Amino acid sequence: MRLNTEFVVAIPARYASTRLPGKPLALIAGEPMVLHVARRALAAGASEVWVATDDARIAAAVDGLDGIRVAMTNPAHASGTDRLAECARQAGWADDVIVVNLQGDEPFAPAAGIRAVAGVLAESGAPMSTLATPVEDASTLFDPNVVKLVRNVHGDALYFSRAPIPWHRDAFAQSRDVLPAAQWLRHIGIYGYRAGFLQQFAAMPPGTLEQIESLEQLRVLEAGHRIAVALSPAPFPPGIDTPEDLERADALMKRVQ
C-alpha cells in the first residue's frame, strides 16, 4: 500500500436521520459529532477537508475550525454519494484527485485507516476503494445491520451483503454460535474514489442488487467496476446510528480526552 498518498476528505453530513435526527450536531463530550469527525480528517493529513451539508446549523458547527471548508448542497440528494459529487464540483477537484468519503458519524475514525483507503486506491489502480476488518464473533456475522464482504485473490471486492458470506455449509449445519477457523470480513463504510469516478458513480442508475440489499456500493460492482479492499491497519469502531451508540461514544470520548 502506498504511503504518503495525497488525498482530500469530504464528509457528508445531512441533518435528517431516521434513527437519530440531527445526528451531526449530537453532542459528544460537549461538542458536535461533525466537529470530531472533521478533526479526524485533519489528523489523517488530508490536503483539503470539506463538510458537505444541507443545513446551516451543521455549517455553523464547523465554522472557525482551521482547515475546514463547507459545501452547502441540495437537501434533495438521495445519498451521501450524490452530496459528495456536488461537493467535488463546488471544490473544482480534477478528475484524478483522490477523494476519501468519511462518514459524518465516525468520530473515532483512525488516521491510519483514512490514509489506508486512499493508499490502496492509488496502489491498486481501481476507481474506488474501501476497508474491511475481520469478524470476531457470531453475533456480528449474523447481524443484518453489519455488512459483510468477500474479496478475490487480488484484494478486490466480489460482493457485499447483509447476509453472512461466505456461508460455511458444514460448520453452520452444526452450530451458528461459534465461528469455525475461517475469516469473515466486516465492511467499514469509508470509501476512496477518483473525483472523476465519483461523478460517474453518482450518475449511475441504482442497480438491482443495490435495491435488494440496500447497499449503494453494489451499484459499482453490478456495473462492472472494481472496488479495491484493504484491511484496516487500526481498529475502526462502528459508526453512530442510535441513541445508545451516542451514549457509548460520549462516555468513551470523555475517557480518552
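The values are calculated or read from the model by the stated rules, or taken from the named source; none is laboratory data. On a predicted model such as this, the values are computed, not experimentally measured, just so you know. Ideal geometry is used to build each Cβ from the backbone, glycine not excepted, and the neighbour counts take in all protein chains shown. Surface areas here come from the heavy atoms of the whole protein model, side chains and all, with no ligands, DNA or RNA. Shrake-Rupley method; radii C 1.70, N 1.55, O 1.52, S 1.80 Å.
Scanning segment 204-235 for residues that are in a helix (DSSP H, G or I) and not charged (D, E, K, R) returns T208, L209, Q211, I212, L218, V220, L221. Residues that are open to solvent by less than 40 Å² (accessible area, probe 1.4 Å) and polar (S, T, N, Q) were ranked within segment 52-75; the one that is nearest to Q90 (Cα to Cα) is T73.
Set side by side, the residues G192, G239 differ, and just one is in contact with a helix residue (DSSP H, G or I) (Cβ under 8 Å, 6 or more places away or on another chain), closer than 17 Å to L149 by Cα, small (G, A, S) and not in a helix (DSSP H, G or I), which is G192.
Would you check if P238 is surrounded by 12 or more Cβ atoms within 10 Å (Cβ to Cβ) and over 30 Å from C87 (Cβ atoms)? When the stated conditions are applied, P238 does not pass them. When segment 178-203 is filtered for residues that are within 19 Å of the chain's Cα centre (by Cα) and closer than 13 Å to A85 by Cβ, the ones remaining, listed by number, are Y191, Y193, R194, A195, G196, F197, L198, Q199, Q200, F201, A202. Look at (1) touching a Gly at 6+ places or on another chain (Cβ under 9 Å); (2) open to solvent by 20 Å² or more (accessible area, probe 1.4 Å); (3) closer than 28 Å to A230 by Cβ and you find that A112 fails only one, number (1). Within segment 151-199, the set of residues being without any contact (Cβ under 8 Å) to a residue 40 or more places away in the chain and either of a type in the set (G, A, S) or buried (at least 19 other Cβ atoms within 10 Å of the Cβ) (or both) comprises A163, P164, A171, A173, S175, A181, A182.
In segment 217-230, the qualifying residues are those that are crowded, with 20+ Cβ neighbours inside 10 Å and not small (G, A, S), and the one that is nearest to the chain's Cα centre (by Cα) is Q217. Tallying residues that are farther than 18 Å from A118 by Cβ and open to solvent by less than 40 Å² (accessible area, probe 1.4 Å) within segment 200-209 yields 3. Where helices (runs of 4 or more DSSP H) fall wholly inside segment 13-127, the ranges with 1 or more residues that are within 22 Å of P243 (Cα to Cα) are 33-43, 56-62, 80-91. Close contacts from segment 45-66, counting a first residue that is closer than 14 Å to P107 by Cβ and a second that is assigned to a loop (DSSP other than H, G, I, E, B) and open to solvent by less than 50 Å² (accessible area, probe 1.4 Å), with Cβ to Cβ under 9 Å and a gap of 6+ residues or different chains, come to V51/G104.
Quick check on A16: is it more than 19 Å from the chain's Cα centre (by Cα) and either closer than 21 Å to G192 by Cβ or surrounded by fewer than 18 Cβ atoms within 10 Å (Cβ to Cβ) (or both)?
no
Within the option set E136, E123, being under 15 Å from F7 (Cα atoms) and acidic (D, E) holds for one residue only, E123. Right, R89: touching a Leu at 6+ places or on another chain (Cβ under 7 Å) and open to solvent by 50 Å² or more (accessible area, probe 1.4 Å) or not? Spelling it out, it is not the case that R89 is touching a Leu at 6+ places or on another chain (Cβ under 7 Å) and open to solvent by 50 Å² or more (accessible area, probe 1.4 Å).
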